[in-house]
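A.B. asks: Please find one structure pasted underneath; my questions will follow.
The values are calculated or read from the model by the stated rules, or taken from the named source; none is laboratory data. Quick caveat, the model's predicted, so the values are computed rather than measured. Here Cβ is always computed from backbone atoms with ideal geometry, including for glycine, and neighbour counts include all displayed protein chains. Heavy atoms of the whole protein, side chains included, go into the accessibility calculation; ligands, DNA and RNA do not. Shrake-Rupley method; radii C 1.70, N 1.55, O 1.52, S 1.80 Å.
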Amino acid sequence: EKNWTIQVVTYANESYANDEIAKLAKSGIAAFIIPSGRYYQVCVKRYATNEHAKKDLAYFQNERKYSDAFVRKIKKDA
């Protein structure tokens, strides 16, 4: 199972989160939203291990300018 992802940004507005997803999709990056209370966490890709996700983390932090991006585990219900 691919239970790891990179969270790139969080929005309080679902429309902004969807706009971010569309922007990433235009670059060929698979993205999705994990809702959390009144927030919408935009995540990219799914990985089998934490280590695999960490290999891509620097790209999103530096090249894609998501300086607060981090690796996180996906809960079963997400």
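A.B. asks: Tell me the carbon and sulfur percent of the accessible area for the chain, rounded to whole percent, probe radius 1.4 Å.
C.D. replies: Roughly 48 percent of what the probe reaches on the chain is carbon or sulfur.
A.B. asks: Alpha carbons only, please: Rg and Dmax for the chain, in angstrom.
C.D. replies: Over the chain's Cα set, Rg and Dmax evaluate to 11.7, 31 Å.
A.B. asks: Please list 3J(HN,Hα) in residue order for segment 46-61, calculated via the Karplus relation 6.51 cos²θ - 1.76 cosθ + 1.60 where θ = phi - 60°; whole Hz, with x for glycine and proline.
C.D. replies: Ordered by residue, 3J(HN,Hα) equals 10, 10, 6, 9, 4, 4, 5, 5, 4, 5, 8, 4, 4, 4, 6, 6 Hz.
A.B. asks: Here's something else I'd like to know. Roll a 1.4 Å probe over the protein chains and send me the accessible area per residue for the chain in Å².
C.D. replies: 65 Å²
A.B. asks: Along each of its three principal axes, how wide is the spread of alpha-carbon positions in segment 39-78, in whole angstrom units, largest first?
C.D. replies: 30, 26, 12
A.B. asks: Can you find, among Asn3, Tyr16, Phe32, the residue sitting farthest towards the positive end of the charge dipole of the chain, where Lys and Arg contribute +1 and Asp and Glu -1 at Cβ?
C.D. replies: Going by the Cα projections, it comes out as Asn3.
A.B. asks: Could you tally up the Lys pairs in the chain with alpha carbons closer than 17 Å? Skip any pair fewer than 8 positions apart unless they're on separate chains.
C.D. replies: Final tally of qualifying lysine pairs is 20.
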